[in-house]
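S.K.: This is the structure I want to talk about, given as structure tokens.
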Amino acid sequence: MDNFNFYSPTEFVFGRGRESECGEYVKKYGGSKVLIHYGGGSAVRSGLIDRVKSSLNASGIKFTELGGVQPNPRDTLVYKGIELCRNEGVDFILAVGGGSVIDSSKAIAAGVLYDGDFWELYSGKKVEKALPLGVVLTIAAAGSEGSPNSVITKEEGSLKRGTGSDVLRSRFSILDPELTQTLPAYQTACGATDIMAHVFERYFTNTKEVEVTDRLCEAVLLTMVKETPRVIADPDNYEARANIMWAGMVAHNGLVGVGRSQDWNSHGLEHELSALYDCAHGAGLAVIMPSWMEYVYKHDVNRFCQMAVRVFGCQMNFEDPEATALEGISRFRSFLKSIGMPINFAELDAKEEDIPALVDKLGVGSGKRAGFVELDYNDCVNIYKIAVNAHI
């Protein structure tokens with residue numbers, strides 16, 4: 001196990017109806033003028049935004065609002081949010097939504113206090129300060145409610161880039177599983193896929209002797225394998241929703257990845273897909289991650305066998321370990337298909353002829369992307385090509 005620091009200061013407020021307490025928590029963490037940031041009309045139509053406003057009013061908190069966050073959140077709305085916050089004297093951001101809303105809120109929080117173009121913070125410049133942030137979560141997926149990370153799409157050039165800093169961690173996150181019960185099955189499945197991908201990016205490691213975090217990763221993965229079909233079949237299953245919502249946070253707040261090297265190449269490859277085609281992040285991951293697995297599994301067959309046996313219930317073939325590794329990858333892809341996810345380019349409406357453009361935007365050039373297996377330009381091309389023809 002490698003040396004590590006683990007820092008996760010967010011206060012998690014979990015359970016039914018807890019969004020009615022958001023005013024108290026904004027006040028607790030020093031907010032006096034809030035930007036309520038949210039996505040489309042569902043948060044308004046469901047009455048959630050009204051409940052949030054009532055809670056803020058009850059705590060004497062002033063607020064302004066900015067809706068319109070889209071999946072793969074855009075830089076154009078971030079610029080509007082920064083300007084609005086500066087003009088209105090906002091001192092606290094309240095994200096009401098899923099990962100896209102939270103990521104956009106983090107970008108605004110950082111941009112308000114940055115003397116320059118906020119996009120520089122998504123192009124290598126370190127985020128050193130940000131307005132405090134709170135979350136009312138409506139989608140179990142990205143884990144941004146517990147992470148220091150944010151990903152934004154720049155509309156000009158369709159560039160999707162991320163940043164990370166502990167100052168972007170939310171002060172509090174309210175997690176009410178009931179708020180996820182109205183999600184369409186496809187969106188629920190996309191979220192589940194993202195959660196599993198966050199775990200797999202940490203699970204496939206070159207660090208030895210990491211039994212505790214291996215088992216933590218496997219516990220989250222087993223939870224998703226069990227609970228996702230349950231909520232697809234019964235969207236109102238509160239207990240299954242609750243387990244998935246907490247799994248989403250645990251998957252990405254850093255806990256399951258401490259003391260071990262990580263990968264993140266599947267996320268990098270997928271970001272270019274969702275930037276170009278504006279597909280759901282989880283759907284893109286469903287296409288890319290098993291394809292990446294097929295390409296790299298020989299690097300550590302035993303680790304892939306461990307996944308196959310412990311997570312997907314495969315019988316270990318000691319005479320042919322590669323067969324077990326490949327069976328595990330196949331079962332993962334079959335699981336994704338069973339919950340309604342795409343598994344190849346055609347099902348994602350992606351085009352093979354766009355592969356050179358996708359790899360060019362990755363910025364690999366003549367170098368390599370670090371990870372479980374280092375990937376050069378041709379490696380990235382080959383993984384995309386596997387994804388073109390993937391099947392069960």
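The values are calculated or read from the model by the stated rules, or taken from the named source; none is laboratory data. The shown structure was predicted, so the numbers you read here are calculated from the model rather than taken from an experiment. Here Cβ is always computed from backbone atoms with ideal geometry, including for glycine, and neighbour counts include all displayed protein chains. These accessible areas exclude ligands, DNA and RNA; they are computed on the full protein's heavy atoms, side chains included. Shrake-Rupley method; radii C 1.70, N 1.55, O 1.52, S 1.80 Å.
S.K.: Sort out which residues of the stretch 331-365 are among the polar types (S, T, N, Q), free of Cβ contacts under 8 Å to residues at least 60 places away in the same chain and either part of a loop (DSSP other than H, G, I, E, B) or open to solvent by 70 Å² or more (accessible area, probe 1.4 Å) (or both), and write them in order of number. Step through it out loud before you land on a result.
M.R.: The first filter runs over the stretch 331-365 and keeps only residues among the polar types (S, T, N, Q), leaving 334, 338, 344.
Those left that are additionally free of Cβ contacts under 8 Å to residues at least 60 places away in the same chain: 334, 344.
Once the filter is applied, which keeps residues that are among the polar types (S, T, N, Q), free of Cβ contacts under 8 Å to residues at least 60 places away in the same chain and either part of a loop (DSSP other than H, G, I, E, B) or open to solvent by 70 Å² or more (accessible area, probe 1.4 Å) (or both), the stretch 331-365 yields only Asn344.
S.K.: Specify the residue that is farthest from the chain's Cα centre (by Cα); the eligible residues are those in the stretch 136-169 that are β-branched (Val, Ile, Thr) and over 17 Å from Val78 (Cβ atoms). Please lay out each step first, then the result.
M.R.: Applying the first criterion (β-branched (Val, Ile, Thr)) to the stretch 136-169 yields 136, 138-139, 151-153, 163, 167.
Then drop every residue that is not over 17 Å from Val78 (Cβ atoms), which leaves 136, 138-139.
Numbers: Val136: 16, Thr138: 13, Ile139: 10 Å.
Going through the qualifying residues, I end up with Val136.
S.K.: When the residues of the stretch 15-39 are narrowed to those that are in contact with a helix residue (DSSP H, G or I) (Cβ under 7 Å, 6 or more places away or on another chain) and open to solvent by 60 Å² or more (accessible area, probe 1.4 Å), which ends up farthest from Phe92 (Cα to Cα)?
M.R.: That would be Arg16.
S.K.: Go through (1) open to solvent by 20 Å² or more (accessible area, probe 1.4 Å); (2) in a loop (DSSP other than H, G, I, E, B); (3) of a type outside the set (A, V, I, L, M); (4) farther than 28 Å from Tyr295 by Cα and name the single condition Asn206 misses.
M.R.: (4)
S.K.: Which of (1) closer than 27 Å to Phe12 by Cβ; (2) in a helix (DSSP H, G or I); (3) open to solvent by 50 Å² or more (accessible area, probe 1.4 Å) is the odd one out, the single condition Met224 does not satisfy?
M.R.: Unmet for Met224, out of (1) closer than 27 Å to Phe12 by Cβ; (2) in a helix (DSSP H, G or I); (3) open to solvent by 50 Å² or more (accessible area, probe 1.4 Å): (3).
S.K.: A follow-up question, please. Looking at Glu156, is it open to solvent by 10 Å² or more (accessible area, probe 1.4 Å), over 29 Å from Arg333 (Cβ atoms) and either in a helix (DSSP H, G or I) or at pLDDT 95 or above (or both)? Before the answer, list the steps.
M.R.: Numbers: open to solvent by 10 Å² or more (accessible area, probe 1.4 Å): yes; over 29 Å from Arg333 (Cβ atoms): yes; either in a helix (DSSP H, G or I) or at pLDDT 95 or above (or both): no.
Judged against the criteria, Glu156 is not a match.
S.K.: Then there is this: May I ask you to list the residues in the stretch 1-37 that are touching a residue at least 24 places away in the same chain (Cβ under 8 Å), over 20 Å from Pro177 (Cα atoms) and assigned to a loop (DSSP other than H, G, I, E, B)?
M.R.: Hits for the stretch 1-37 are Met1, Asp2, Asn3, Phe4, Phe6, Tyr7, Ser8, Pro9, Tyr29, Gly30, Gly31, Ser32.
S.K.: Mind checking whether some residue in the stretch 42-64 is of a type in the set (A, V, I, L, M, F, W, C), touching a helix residue (DSSP H, G or I) at 6+ places or on another chain (Cβ under 6 Å), more than 28 Å from Lys160 (Cβ to Cβ) and surrounded by fewer than 17 Cβ atoms within 10 Å (Cβ to Cβ)? Lay out the reasoning, then the answer.
M.R.: From the stretch 42-64, those of a type in the set (A, V, I, L, M, F, W, C) are 43-44, 48-49, 52, 56, 58, 61, 63; that's our starting set.
Narrowing further to those that are touching a helix residue (DSSP H, G or I) at 6+ places or on another chain (Cβ under 6 Å): 43, 49, 52, 56, 58, 61, 63.
After this cut, where a residue has to be more than 28 Å from Lys160 (Cβ to Cβ) as well, the list is 52, 56, 58, 61, 63.
Next, from what is left, pick out any that are surrounded by fewer than 17 Cβ atoms within 10 Å (Cβ to Cβ): 58.
Within the stretch 42-64, one or more residues are of a type in the set (A, V, I, L, M, F, W, C), touching a helix residue (DSSP H, G or I) at 6+ places or on another chain (Cβ under 6 Å), more than 28 Å from Lys160 (Cβ to Cβ) and surrounded by fewer than 17 Cβ atoms within 10 Å (Cβ to Cβ).
S.K.: Pull up the stretch 87-140, narrow it to residues that are among the aromatic types (Phe, Trp, Tyr) and either open to solvent by less than 30 Å² (accessible area, probe 1.4 Å) or part of a helix (DSSP H, G or I) (or both), then point me to the one that is nearest to Gly162 (Cα to Cα). Walk me through it before giving the result.
M.R.: Initially, the stretch 87-140 is screened for residues among the aromatic types (Phe, Trp, Tyr), giving 92, 114, 118-119, 122.
Checking the rest, the ones that are also either open to solvent by less than 30 Å² (accessible area, probe 1.4 Å) or part of a helix (DSSP H, G or I) (or both) come to 92, 118-119, 122.
On the way: Phe92: 22, Phe118: 12, Trp119: 10, Tyr122: 6 Å.
Per the stated criteria, the residue is Tyr122.
S.K.: If you take the residues in the stretch 65-86 that are of a type in the set (D, E, K, R) and in a strand (DSSP E or B), which one is farthest from Asn149 (Cα to Cα)? Break it down stepwise before answering.
M.R.: Filtering the stretch 65-86 for residues of a type in the set (D, E, K, R) gives 65, 74-75, 80, 83, 86.
This time we only want the ones that are in a strand (DSSP E or B), so: 65, 74.
Working: Glu65: 23, Arg74: 16 Å.
Restricting to residues being of a type in the set (D, E, K, R) and in a strand (DSSP E or B), the top hit is Glu65.
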